[in-house]
Each structure stands twice: as structure tokens, then as C-alpha cells.
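The values are calculated or read from the model by the stated rules, or taken from the named source; none is laboratory data. None of these values were measured; they are calculated from a predicted model. Reconstructed Cβ throughout: ideal geometry from the backbone, glycine too, with neighbour counts over all protein chains shown.
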């Protein structure tokens, strides 16, 4: 106990009055003999008048010297403290005897006095070295098992990371293919839109031109009739002597006037074009509905597969390209161009011309072929 008090007193003497820790690079103020850490003293004097932090005596320049002996004492005190702590751990706290035995029942080191006590009566007690070897072997076996488990997990982690990268790369490639396919569809639809609108504008111009021409002919004939009517009215109001003077020429002029045949405003070919244009929107709706249904059905089927696999908790590898094609062909609403075209033509309203029906079949066929071509070009099939 006295040894412990002496150690505490030594620690207090070797502590800096400023930081209250062991001296670090201790220096002494020669005029007063007080010791401080060099860094603590520098902080105290920063921007202030140099004076001893303990006695407040002014310090002159050059009045500070390093104390190497004190620094050595600090190191010795640290070593003594470490040894004391180690010895304390190897001594029974109750009896202050060395811990030379090990109680397997309590799984704790004990001293010879503890071994003779009632607390450890009939317990299995072995020497500390023997227990240390036994538990070291046990810990070694556990370490080997844990290291194997760690290697297994590391390998699994590497496989998972590699699989994740492979799947992410595959998804990115499929994403690029889908974007390319949709861009081809956009391009095709934009081209068809331009062609269709150009055709409509052409028909509009022809309708306007034919209408203006028809109105001009009617206006010309109306002007001629109005002039003739005016002449007849004037002749009709004349007295008998004047009326009969040139009656022959007046009647002859009426007889010679050709009978006006009301012209056809729009020729049959233009009317067919107008009817074709009126059938375009129903035709487009007839195309888009089965295409939209097929696309939504396919996406819904894929979503259903994902939900089913997730609910079952089954983890399999991705199906091969051939397996995916087989599944797609077996789907009841798979996208088949020729069959879909026949269904569309049979269900679509009758067109006034054979040319429009051919045009409809051709356009839908082009759409189907474009989709297939875009998928082939992108590697989707």
C-alpha cells in the first residue's frame, strides 16, 4: 500500500503544473527553479509578457534551460507504472497472491488460497500454464474455423460482385438495344407522318384549286346570264315598233347560246383521295390497338414472372436466348406480323378503294418488319 502511495507522489512530482500530465520536453526557469513542458510554456507566453506561470516572477531572455535528467525520470516513472499494472493483473485481488491456478468451473484464474476456499471446493483446478495451453489450442481451432468462414464469405462476396457486374452490364446492353429499337420506331413513324401529312396537304391544295376553278366557271356563267337577262328585260319593255325591229337577232342570240352544263366540282379521282384520307385515322387506330395490346401484354407477362419468382423465393440463373425465344413464341398473344395483318384486315372497316387496303396492309407490314428489323439490328432476337 505504501508502495502505491509513493508511486502516486512520484507521478504528481513529474506532472506539469499547466497540463497536469507527465512532462514533455521539460524545461526549467533558472531564476525560480520551476519546471514546465516546453509547449505549455510557449502557449502561456504567446502574445504576453514572459513570467513564471506558477510564481509570476518575470523571466529574462535566456533564463530557460532544458532538463534532460527530469525527462529521464519521466520515462522511468512510465516504465514503473506499466510494470505495476502488469503485476496487478497477475495477483489475486482478494488475497494478493500470484494467480498460478485456473478453475475450470468458473473459467477464471485463482490463487492457492482461493483453491483451498469453500468457493472452489470440489472444483476442477489445473495449473495456469496447462489451462493456457488448452485454451490456446481451443482458440486456435476456433480461429481456423473463423478464417475458413471468412474465406468462404470473401469468395461469395467476390462472386456476388462479379455476378452483379455481369448482370448490370447485360441490363445496360439490353437498355441500349431498347433505346435503339424505339429510336428506329420513332424515325419510321416520323417519316410516315411526314409522308401522310404531305399527301393530305397535296389533296388540300388540289381541293382548293378545283374549288376555285369551279367557282370561277360558275361566276363567269352567272355574269353571262345576268347580261342576257338584262338585255331581254330591256327588250321586253320597249314599245312594239322598237321591239320588232331586231327581234330576229335577239331571238337568234338566245337560240345560239349554248345550254350551260353544271360542271363537276371534284373529279372522281379526287373524291377517292378524299375518302382515302377519311379512312386513315380508323386505319391508324386499327394498327395501334393490337400493337399496344401486344406490347402491354408482353410487359405485363414479364412483370408477372418477376413477382412470381420473388414470392417463391427461387433464385435461378437467367434463361438463355433460345429459352426466351421459345417462351415468347409460346405466348398466346405473341406478336406475329402475318397473322396480325390478316386479323387487322378482316376486322378493319371496309375501305372505298383497293389501293387504300393495299396501302394499309403495306404500312402495317412495314411497321411489323421495322420492329423485327430493329430488334435484329440491335441483337434483341
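Residue check: residue 206 meets all listed conditions (1) surrounded by 11 or more Cβ atoms within 10 Å (Cβ to Cβ); (2) in a helix (DSSP H, G or I); (3) modelled with pLDDT of 90 or more but one, namely (3).
Check the stretch 236-244 and report whether any residue there is surrounded by 10 or more Cβ atoms within 10 Å (Cβ to Cβ) and assigned to a helix (DSSP H, G or I). Yes, the stretch 236-244 has at least one match.
The single residue among 155, 131, 160 that is under 60 Å from the mean Cα position of the chain (by Cα) and surrounded by 13 or more Cβ atoms within 10 Å (Cβ to Cβ) turns out to be 131.
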